[in-house]
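The values are calculated or read from the model by the stated rules, or taken from the named source; none is laboratory data. This one's a predicted model, so the numbers in the text were calculated from it and none came from an experiment. Note that we place each Cβ from the backbone using ideal geometry, even for glycine, and neighbour counts take in every protein chain shown. What goes into the accessible areas is simple: the full protein's heavy atoms, side chains included, and nothing from ligands, DNA or RNA. Shrake-Rupley method; radii C 1.70, N 1.55, O 1.52, S 1.80 Å.
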Amino acid sequence: MSDQDHFVEIRYAQKSYGSLEVLKDISLNVERGQIVAIIGPSGSGKSTLLRAINDLDPLTGGEVWLDGVQVNKSLPHRQYEKHINEMRQHVGMVFQHFNLFPHMTARENVTMAPMLLKRLSKAEADKLAEEQLDKVGMLDRIDYYPSRLSGGQKQRVAIARALAMEPKLMLFDEATSALDPELVDEVNLVMKKLAEEHMTMIIVTHEMDFAASVCDRVLFMDQGVVVEEGPPSVVFKNPTKERTREFLRKHLAGAA
Amino acid sequence: MGLDFTVVPGHLDIILLGCAWTIGIALAAALLSFFGGIIFAVIALYTPWIIRQPFRLIEWVFMGTPLLLQLFLIYFGLVQIGIDLPAFVAGIIGLGLHFAVYNSELIQTAILSVDKGQMEAARTVGLSRGQALRKVVIPQAVRDVIPPIGNNMIALLKDSALVSVIGVSELTLSAQRAIGATYRPFEFYLVAAMFYYAINLCMEWVQRRIERRISISR
């Protein structure tokens, strides 16, 4: 189908706002079933890179490939919209601020897209919602509106909503950063469960412990470039770059 | 000579018929102004310049000129270019578009104040921009503007009296007809006022119910 050997392949990603370069020629490969964490100080471009994968923040240069198909290929506007909507169905995304639809119950949040895009019947969609909400431990809140859920519960529903489209890839953009500390674990637990099911995941996070325990690979980004990349045992325990050491020192000191 | 309401029952049939016309016209115009308001808002915010311009003109005409003049234009003016509308249809269109423009202003502001994460979340599950607007953004925007739109609808009901001048036998004109037959203006205008007030109360009741239903999901 293509010359792409990797499940997710980012080639020479560039992003600039005017003269401000946010991403400077970043390349990244992720294999099927891998879990990659992206860490780095705020403003390092890690969220921008993540959001480029499903074209939420379109790149100004470079290519993104997913499962043999180029995500950001050049097409006339209408065709591109169609293509990108189709691509996004395969990429689940979880946001820092949950972004649940407040006018819909947990069930409706989960069923809306499958009913609209996959033409699922009400009964099929209900079954799907029950499965997915059960998976994230939210079955008992299925008919609650988001306003009546805690942050951790909202984020779990948001994960169920993303999973309902049966994505090949899940993107987590600081999924636990907005949560009270005691609510972080319930979300991490769900993410661990996904990891055990070999879901391919790219996770932007500030949680070093979590990254160390579930990820196959860690990228440390700073000022729009990947400074260091490797298995968590190396990046966290024996970083080779001074910049990485400095960041980890500050971050771990701050966290403790 | 004092007030004598004993003349009222004999003409109550014409008053009630006028009441029915007022309710029908106000309801139809309210629906037109609501959905028209959403459509105008989407056009104003999301379509290219060239499509927006004709709607700018409509907006300017309906906001910048008296409603009475607009009704004359639609009923008497359009005939000259071959569009001969029944008076009640002209009335519904005039009232509906007039208030659609005002509703559109409210809805535009509300759409812009919906958190942009909502659009992003809808797009990331694969919805097109149109689908995201329809399913996620507009329903939230509309919830935010139910109270001010409700106020506009009460103004619409009161302004519906203006369609009497193009000959629709709604409540005000019916009262005038009864007055013509009895020479009792005070009594019949008071009766008409009472009916307007009653319809208003019903509208407020409906609005409160809608608001209460919506508040459950907040």
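Structure notes:
- Reciprocal of mean inverse Cα separation for segment B:129-208 (Kirkwood radius, Å): 15.0
- Leaving ligands and nucleic acids aside, the B/A contact buries around 2000 square angstrom of accessible area in total at a 1.4 Å probe radius.
- Taking every protein chain into account, the accessible area of segment A:100-256 amounts to 45 square angstrom per residue (probe 1.4 Å).
- Look at the dipole of the protein assembly as shown built from charges on Cβ: of B:Thr124, A:Pro239, B:Leu71, the Cα furthest out on the positive end belongs to B:Leu71.
- At most 15 other Cβ within 10 Å, DSSP loop - GluC sites (Glu not before Pro), segment A:172-237: A:Glu197
- Residues losing 10 Å² or more accessible surface upon assembly, segment A:67-82, compared with the chain by itself, 1.4 Å: A:Glu81
- Minimum 30 Å² accessible area buried by the other protein chains, segment B:103-147 residues, probe 1.4 Å, relative to alone: B:Gln118, B:Glu120, B:Ala121, B:Arg123, B:Thr124, B:Val125, B:Gly126, B:Leu127, B:Gln131, B:Lys135, B:Val136, B:Gln140
- Highest GNM mean-square fluctuation among B:Ile39, B:Ile81, B:Ile179, for chain B modelled with Cα contacts below 10 Å: B:Ile81.
- q = 0.15, 0.23 Å⁻¹, segment B:67-116: log10 I(q)/I(0) [Debye, one scatterer per Cα]: -0.50, -0.77
- P(r) weight above 14 Å for segment A:130-172, C-alpha pairs, percent: 42
- Compactness of chain B was expressed as the Cα radius of gyration divided by 2.2 N^0.38 Å, which yields 1.21.
- Relative to its Kirkwood radius, the Cα radius of gyration of segment A:111-256 gives an Rg/Rh of 1.04.
- Relative contact order (%) - chain A, alpha-carbon pairs under 8 angstrom, separation at least six: 25
- Between amide H atoms placed 1.01 Å from N, distances below 5 Å from A:Val91 occur with A:Lys168, all of them 5 or more places distant or on a separate chain.
- HN-Hα J in Hz across segment A:209-218 - Karplus 6.51, -1.76, 1.60, θ = phi - 60°, x for Gly and Pro: 4, 5, 4, 5, 8, 10, 8, 7, 8, 10
- Remark: mean inter-chain Cβ contacts per residue of A:91-104 equal 5, using a 10 Å Cβ-Cβ cutoff to other protein chain atoms.
- Take segment B:20-172 with all the other protein chains still there, run a 1.4 Å probe, and you get 45 Å² of accessible area per residue.
- With the convex hull of the Cα atoms taken as the outline of segment A:1-157, the averaged projected area works out to 11.5 nm².
- Residue among A:Gly62, A:Gly137, A:Gly18 with the largest mean-square fluctuation in a Gaussian network model of chain A, springs linking Cα atoms under 10 Å: A:Gly18
- Here the label points at A:Lys193 and A:His77, each 7 Å from Cα along the C-beta direction, are separated by 4.3 nm in the simple model.
- Accessible surface of segment B:20-172, 1.4 Å probe, proportion on carbon and sulfur as whole %: 70
- Per-residue [θ]222 nm for chain A (sum of -39500 (n - 2.57) over DSSP H runs n ≥ 4, rounded to 500): -11500 deg cm²/dmol
- When the other protein chains are added to the chain by itself, burial of at least 40 square angstrom of heavy-atom accessible area (probe 1.4 Å, ligands and nucleic acids ignored) affects these residues of segment A:143-158: A:Tyr145, A:Ser147.
- Relative contact order, percent, chain B [alpha-carbon distance under 8 Å, six or more residues apart]: 31
- Volume of the Cα convex hull of the protein assembly as shown, divided per residue and given in Å³: 206
- Computed across segment A:19-91, the Kirkwood radius stands at 13.5 Å (inverse of mean 1/r, all Cα pairs).
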